[in-house]
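Written out below as structure tokens is the structure these notes cover.
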Amino acid sequence: MAIGSWRPQRAKGEDLIRHLYAEHGRSLLAYATRLTNDRAAAEDVVQETLVRAWKHADDLENGKGSVRGWLLTVARNIITDRARARSSRPQEVEEPAESPAVQRDHAQTVVDSMAVLGAMDGLSPEHREVLVEIYYRGRTVAEASESLGVAPGTVKSRSYYALRALRAAMSGSGTEVAR
């Protein structure tokens, strides 16, 4: 179907998504399943594709070519982006399920926490602040940079040297690397 004959004015919001899914959903799902080899991932790709189509309804109306071609291209791009993102992150390793008999000792957890806090006391205030921002508060380098008022490169180098000093303190070597 040509884009010119498709009328998004008639199919806004939910109607647009229903219309696109009714007309292109099966082929879009089959295409995404073939590319991902995973039905659940393919369903997520179809959903994301339809959301992007809804956000770009005006582009679909004014563009050239077919709506199906546009949808298939968007689905392929989503799959490609997800594959690239997975390859840039370390592979996730599933932790073995702990049986009730092998659960971690609460006392050991408390001792470990105290050891980490003690080691952090040996860091300079600047290095401690960076570790708190990144690991305790869960901020990104950019967010920590903004919060601390320093450049992102400074946050990266401080976290590197702070972790290095923390490892040294935790291993018992006692060398102070990050002063």
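Okay, residues lined up against (1) surrounded by 19 or more Cβ atoms within 10 Å (Cβ to Cβ); (2) out of contact with any Lys or Arg (no Cβ under 9 Å at 6 or more places or on another chain); (3) touching a residue at least 12 places away in the same chain (Cβ under 8 Å):
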site	(1), (2), (3)
Ile17	no, yes, yes
Ser27	no, no, yes
Asp58	no, yes, yes
Ala75	yes, yes, yes
Any residue in the stretch 136-149 that is over 25 Å from Ser113 (Cα atoms) and small (Gly, Ala, Ser) sitting within a Cβ distance under 7 Å of a residue that is part of a loop (DSSP other than H, G, I, E, B) and modelled with pLDDT of 90 or more? List the pairs, counting only those 6 or more apart or interchain. Ser145/Ala151
Give just the number: which of (1) among the aliphatic types (A, V, I, L, M); (2) at pLDDT 80 or above; (3) loosely packed, with under 14 Cβ neighbours inside 10 Å does Ala107 not satisfy? (2)
Just to be sure, is Val46 of a type in the set (A, V, I, L, M, F, W, C), on the phi < 0 side of the Ramachandran plot and at pLDDT 70 or above? yes
Quick check on the stretch 120-155: of everything there that is among the basic types (Lys, Arg) and surrounded by 15 or more Cβ atoms within 10 Å (Cβ to Cβ), which residue is farthest from the chain's Cα centre (by Cα)? Arg128
Given the conditions (1) over 30 Å from Asn37 (Cα atoms); (2) at pLDDT 85 or above, report the number of the one that Ile79 does not fulfil. (1)
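The values are calculated or read from the model by the stated rules, or taken from the named source; none is laboratory data. None of the values given here were measured: they were computed from a predicted structure. Here the Cβ is made from the backbone with ideal geometry for all residues, glycine too, and neighbour counts use every protein chain on show.
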